[in-house]
């Protein structure tokens, strides 16, 4: 039995990560792949039932994982993201949430056939979207920053509010339906929520102060803060069920605010984010594989499907359009935000709790809540996941351009390189913190950002969405390495490049093989060499490669009509492959090679 539990846990974790990878490879929403994987190993083939295997540990494990995901999302928020749309965000998470609650409850009563009591409970819960579903979709869609910020903030702020609204509705039901219960029940609820929020705030301040004073060693900082997150959630849950989510969200928001003053706190971000990715995939498979075949069968009934349709096409658009009247959002932005509202882990986990207590209280119609919730989650995840990208492009709210290049460091070479990229209609931006370089860039009619790329506020002032490649081309190798290391999480290891170190020459052969794919052009093409060649009259040439079929070969085996320094290959699908210290390259028919040469092509 113990071995089966161990095997089940390992299979679920591995399958979750594999689902994330497969979604990345085929460009599908990761939540869709995870849901399908969970259904296959669970109710379809009955290979695993985590709820039975884990027993009493099932609910606590899921709850703690949700707490970490919520903390990761809230601690990554920065008010500068919404400096131009704060009114819209406030309206969406207040008036919009209230309208969605009321409209959802009305739809649950008249369409799904639920009693008013159960309808208002489930209506409050179904306002949640959540970071577990929104953030993976935003990563893939490359949305306009304004729209992405609204959806991200809504998902994270609303996640704890939904269960609290459901809990509030349940407390009201108890007051109305019981002669013994009075207004004291409601007072207890509000007091419990207030105390839970206060716990999160106090622990957030405590963690910020302790980290700021250096009382945590660096190697223990992330584990200590993670322990505080779990403690915060547990204390919140002890006060009142479902208020733990409020506690960790407030703690995350408090730490996010303090990061401006205590920079060392931000160093834990990637650690928590990595854990969050693992937990998101694991929990989704845990929940979907625990569903019964009876629950799946209930989904395909007219009341449930009708309710989901009303939530998709009426409740969500109506709540967004009404709540954002007179705000900064354009019609296109309202249209996209009003369509996108996938439900996720919080809805699935909390609905089972309310289903059980409502059934205990004699509300027999609550038996369909699990099927209703999964139908809403799975359908919204699929429909919104597949439609977000195409709809955003149709509304001009996503990047439709070819993959762009971000050049760090202004110099004669980078100016000329950027000018040639622009000539090839490839988006390009130069970032430099030296003012006279900024002035010179304007002479070349090149987009340039004057500022420090490593500064915290840079990402809030510059939209990096159009750029898929970053090249650090300054004369300082240490700075180049720091830029690359800092932006690997943003651009990916395969899209982050720098120049060879100054004066190393033949010593470049001593570079570890793992680093060669990130070092540009050639062993001797350091900063001084490239800039000297520009001064000597070298120009950029674009030549068509004549190959019969796709093949991988050594660079010296490829015949090119122009002598010079190979810079990058442009594929037919507009992707760029930069020439690095790797010995072999892959070429195919239709590729174009860009060369820095003294020769002129005919």
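The values are calculated or read from the model by the stated rules, or taken from the named source; none is laboratory data. Not measured: the values here are computed from a predicted model. Ideal geometry is used to build each Cβ from the backbone, glycine not excepted, and the neighbour counts take in all protein chains shown.
All of 14, 53 fail the test of being more than 16 Å from the chain's Cα centre (by Cα) and modelled with pLDDT of 80 or more, apart from 14.
Condition first: more than 19 Å from residue 62 (Cβ to Cβ), in the same structural domain as residue 305 (by TED's automatic domain parsing) and in contact with a helix residue (DSSP H, G or I) (Cβ under 8 Å, 6 or more places away or on another chain). Can you find one or more residues in segment 343-357 that meet it?
Within segment 343-357, the subset more than 19 Å from residue 62 (Cβ to Cβ) is none.
No.
The listed residues are 8, 75, 35, 63, and the only one of them that is assigned by TED's automatic domain parsing to the domain that holds residue 386 and more than 23 Å from the chain's Cα centre (by Cα) turns out to be 8.
Residue under question is residue 540, and the condition is that it be in a strand (DSSP E or B), free of Cβ contacts under 8 Å to residues at least 40 places away in the same chain and surrounded by 14 or more Cβ atoms within 10 Å (Cβ to Cβ); does it hold? Before you say what the answer is, go through the steps one by one.
Numbers: in a strand (DSSP E or B): yes; free of Cβ contacts under 8 Å to residues at least 40 places away in the same chain: no; surrounded by 14 or more Cβ atoms within 10 Å (Cβ to Cβ): yes.
No: the conditions fail for residue 540.
The residues of segment 409-426 that are loosely packed, with under 14 Cβ neighbours inside 10 Å and on the phi < 0 side of the Ramachandran plot amount to a single one, 423.
Test residue 237 against the criterion of being at pLDDT 85 or above, touching a helix residue (DSSP H, G or I) at 6+ places or on another chain (Cβ under 6 Å) and surrounded by fewer than 22 Cβ atoms within 10 Å (Cβ to Cβ), and give yes or no.
Details: at pLDDT 85 or above: yes; touching a helix residue (DSSP H, G or I) at 6+ places or on another chain (Cβ under 6 Å): yes; surrounded by fewer than 22 Cβ atoms within 10 Å (Cβ to Cβ): yes.
Here the answer is yes, as residue 237 does meet what is asked.
Yes or no, residue by residue, for (1) assigned by TED's automatic domain parsing to the domain that holds residue 408; (2) modelled with pLDDT of 75 or more; (3) surrounded by 20 or more Cβ atoms within 10 Å (Cβ to Cβ); (4) touching a helix residue (DSSP H, G or I) at 6+ places or on another chain (Cβ under 8 Å):
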position	(1), (2), (3), (4)
470	yes, yes, yes, yes
475	yes, yes, no, yes
481	yes, yes, no, no
485	yes, yes, no, no
488	yes, yes, no, no
511	yes, no, no, no
518	yes, yes, yes, yes
526	yes, yes, yes, no
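Please verify whether segment 496-508 includes one or more residues that are within 25 Å of the chain's Cα centre (by Cα), in the same structural domain as residue 565 (by TED's automatic domain parsing), closer than 21 Å to residue 411 by Cα and at pLDDT 80 or above. Yes - at least one qualifying residue is present in segment 496-508. Of all residues in segment 45-71, how many are surrounded by 14 or more Cβ atoms within 10 Å (Cβ to Cβ) and part of a helix (DSSP H, G or I)? The number of residues fulfilling the criteria is 17. Total residues in segment 382-398 satisfying the condition of being surrounded by fewer than 23 Cβ atoms within 10 Å (Cβ to Cβ) and closer than 13 Å to residue 342 by Cβ: the figure is 4. Residues that are touching a residue at least 24 places away in the same chain (Cβ under 8 Å), closer than 12 Å to residue 518 by Cα and assigned to a helix (DSSP H, G or I) were ranked within segment 463-484; the one that is nearest to the chain's Cα centre (by Cα) is 484. Residues in segment 139-165 that are at pLDDT 85 or above and in contact with a strand residue (DSSP E or B) (Cβ under 9 Å, 6 or more places away or on another chain): 147, 151. Show me the helices (runs of 4 or more DSSP H) found entirely inside segment 287-367 where at least 1 residues are touching a residue at least 12 places away in the same chain (Cβ under 8 Å) and buried (at least 24 other Cβ atoms within 10 Å of the Cβ). Fully inside segment 287-367 and qualifying: 302-310, 316-323, 331-339, 345-360.
Take residue 115 and decide whether it is surrounded by fewer than 22 Cβ atoms within 10 Å (Cβ to Cβ) and assigned by TED's automatic domain parsing to the domain that holds residue 149. The answer is yes for residue 115.
Of the listed requirements (1) modelled with pLDDT under 85; (2) in a helix (DSSP H, G or I), residue 180 misses just one: (2).
Please tell me if residue 459 is more than 26 Å from residue 541 (Cβ to Cβ), assigned by TED's automatic domain parsing to the domain that holds residue 527 and at pLDDT below 80.
Numbers: more than 26 Å from residue 541 (Cβ to Cβ): yes; assigned by TED's automatic domain parsing to the domain that holds residue 527: yes; at pLDDT below 80: yes.
Here the answer is yes, as residue 459 does meet what is asked.
Among the candidates 378, 415, 374, the residue that is outside the structural domain of residue 117 (by TED's automatic domain parsing) and assigned to a helix (DSSP H, G or I) is uniquely 415. The residue pairs whose first member lies in segment 518-529 and is farther than 19 Å from residue 563 by Cβ, whose second member is modelled with pLDDT under 80 and assigned to a loop (DSSP other than H, G, I, E, B), and whose beta carbons are closer than 6 Å, counting only pairs six or more residues apart or on different chains, are 526/502.
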